[in-house]
Amino acid sequence: MNEVFWRWCLGLWAAAADDRDERGDVPGWVLITVMTAGLVSVLWAVAGDVLSKMLSDALRSVSG
């Protein structure tokens, strides 16, 4: 099962590599993913305690 999955992934990767017009260019989805992860990290670092308290309060109000 695991080997079949990896062969399928490699097949998709090879097909995608053949369709590229420009080599070495970072695909847009990679850039969006990295930027989103960076924004979440900054937001969590700045407002982590407040976000945790908001989540706890919301869960407490639903269950209680």
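Brief remarks follow.
- Against the test of being at pLDDT 75 or above, in a helix (DSSP H, G or I) and over 19 Å from the mean Cα position of the chain (by Cα), the options LEU39, LEU31, LEU51 yield a single qualifying residue, LEU51.
- Count of the stretch 14-28 residues which are modelled with pLDDT of 75 or more and surrounded by 10 or more Cβ atoms within 10 Å (Cβ to Cβ): 1
- Residues of the stretch 31-64 satisfying the condition of being surrounded by 10 or more Cβ atoms within 10 Å (Cβ to Cβ) and either β-branched (Val, Ile, Thr) or in contact with a Ser or Thr (Cβ under 7 Å, 6 or more places away or on another chain) (or both): ILE32, THR33, VAL34, THR36, VAL40, VAL42, VAL46
The values are calculated or read from the model by the stated rules, or taken from the named source; none is laboratory data. The structure displayed is predicted, hence computed values, not measured ones. Glycine gets a Cβ as well: all are built from the backbone with ideal geometry, and neighbour counts include every protein chain shown.
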